[in-house]
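To keep things clear, I will list the structure first and then write my remarks on it.
The values are calculated or read from the model by the stated rules, or taken from the named source; none is laboratory data. All values reported here derive from a predicted model rather than from experimental measurement. Neighbour counts run over all protein chains shown; Cβ positions are idealised from the backbone, glycine included. What goes into the accessible areas is simple: the full protein's heavy atoms, side chains included, and nothing from ligands, DNA or RNA. Shrake-Rupley method; radii C 1.70, N 1.55, O 1.52, S 1.80 Å.
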Amino acid sequence: MGRLSDKLAIVTGAARGLGKGIAEKLAIEGAKVVIVDLNEEICKEVVQEFSDHGYRVTSYAANIANQDEVQNLFNYVADEFGTVDILVNNAGINRDSTLHKMSVEQWQQVIDVNLTGTFFCTQEATKQMKEKKYGRIISISSASWLGNFGQANYAASKAGVVGLMKTAARELARNNITCNAICPGFIDTDMTRGVPDKVWDQMISKIPMGRAGSPSDVGNMIAFLASDEASYITGEVINVGGGMVL
Ligand code: NAD
């Protein structure tokens, strides 16, 4: 019996990277996990891989930036498995460019997925959570929310996620729903593997722990925040970055 054995969790952007690591950690703790991502085939491959380990997982393909698709996702989950206990808003993208070169498309795409998508999922989840007076919402922000060169769109979206979680925490505490933001530092995923070697080395040199984080480093914090042990923690912004932000 894990800490989350009677819980139903939805993790967005869970077909790879951080989301996949988070989904695995929640599943190891006993939760039934719904893997949400854009591509149905890739979702099914992850479900197969996790099922081979004995985890209780299923998947649903949806674009979290599309409100209809998000509503369909939450209705489907409620009909098939019951109401959601844990939502991890992880899906996110970057479209980096310096401010003066940034197109409105680059700006909007990042805001639409990282911030508006997180709003859509949070709103749908809380409809279900309020009824049963229980919920855990954990959103992935970023150390970049404090500002990062070439990431005006991304930093704005991730600062927005912090504001969204703090407001949701205030509004939903009376319903026994906690809402927190996690700020990963520099985590080894496809997103960060895309940077040039020189930038990778520069990033590592800024981390006191001297290494990139792993998805399981973040997953361990999420599992704690999702558990009963964290029932009095809400509205917090927690760095998981090996000391990158001190
Ligand atoms: P990744 O690109 O490896 O994975 C992101 C996943 O999200 C992909 O599977 C992708 O298909 C999915 N996704 C993208 N847009 C989607 C949409 N509209 N609807 C549904 N799914 C969508 O990225 P990652 O490094 O694993 O990052 C995960 C989250 O962590 C993101 O929110 C990112 O901003 C954040 N983050 C990452 C780092 C890092 O160092 N990797 C640091 C801080 C924050």
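So here's what we get for this one:
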| read-out | value |
| --- | --- |
| Of residues in region 138-176 being within 18 Å of T122 (Cβ to Cβ) and not in a helix (DSSP H, G or I), the one most open to solvent (accessible area, probe 1.4 Å) | N176 |
| Selection within region 55-70 - more than 18 Å from the chain's Cα centre (by Cα) and open to solvent by 60 Å² or more (accessible area, probe 1.4 Å) | R56, D68 |
| Sole exception among (1) in contact (Cβ under 8 Å) with a residue 12 or more places away in the chain; (2) open to solvent by 50 Å² or more (accessible area, probe 1.4 Å); (3) more than 25 Å from T122 (Cβ to Cβ); (4) among the hydrophobic types (A, V, I, L, M, F, W, C) for A212, by number | (2) |
| Region 71-108, subset closer than 18 Å to C121 by Cα and near the ligand (Cβ under 9 Å from one of its atoms), residue surrounded by the fewest Cβ atoms within 10 Å (Cβ to Cβ) | I93 |
| Helices (runs of 4 or more DSSP H) within region 1-118 that include 2 or more residues of a type in the set (G, A, S) and closer than 23 Å to S157 by Cα | 17-28 |
| The listed residue being more than 11 Å from the ligand (Cβ to nearest atom), within 25 Å of V110 (Cβ to Cβ) and modelled with pLDDT of 95 or more, out of N180, N175, N220 | N180 |
| Tally of residues being closer than 17 Å to F149 by Cβ, away from the ligand (no atom under 15 Å from the Cβ) and either among the β-branched types (V, I, T) or outside any helix (DSSP H, G or I) (or both) across region 197-217 | 0 |
| Where a residue in region 65-80 is among the acidic types (D, E) and its partner, wherever it lies, is open to solvent by less than 50 Å² (accessible area, probe 1.4 Å) and at pLDDT 95 or above, with Cβ under 7 Å and at least six apart | E69/A62 |
| Filter pass, E41 being crowded, with 16+ Cβ neighbours inside 10 Å and either within 26 Å of A169 (Cα to Cα) or free of Cβ contacts under 8 Å to residues at least 24 places away in the same chain (or both) | no |
| Inter-residue pairs, beta-carbon under 6 Å, first more than 17 Å from I207 (Cα to Cα) and touching a residue at least 24 places away in the same chain (Cβ under 8 Å) and in region 143-156, second within 12 Å of the ligand (Cβ to nearest atom) and open to solvent by 20 Å² or more (accessible area, probe 1.4 Å), 6+ apart | G150/D96; Q151/D96; Y154/N94 |
| Any hit, region 1-11, residues being at pLDDT below 95 and open to solvent by less than 50 Å² (accessible area, probe 1.4 Å) | yes |
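One line per residue, one yes/no per condition, for (1) within 21 Å of V162 (Cα to Cα); (2) of a type outside the set (A, V, I, L, M, F, W, C); (3) modelled with pLDDT under 95:
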| residue | (1), (2), (3) |
| --- | --- |
| E69 | no, yes, no |
| D85 | yes, yes, no |
| V88 | yes, no, no |
| R95 | yes, yes, no |
| S103 | no, yes, no |
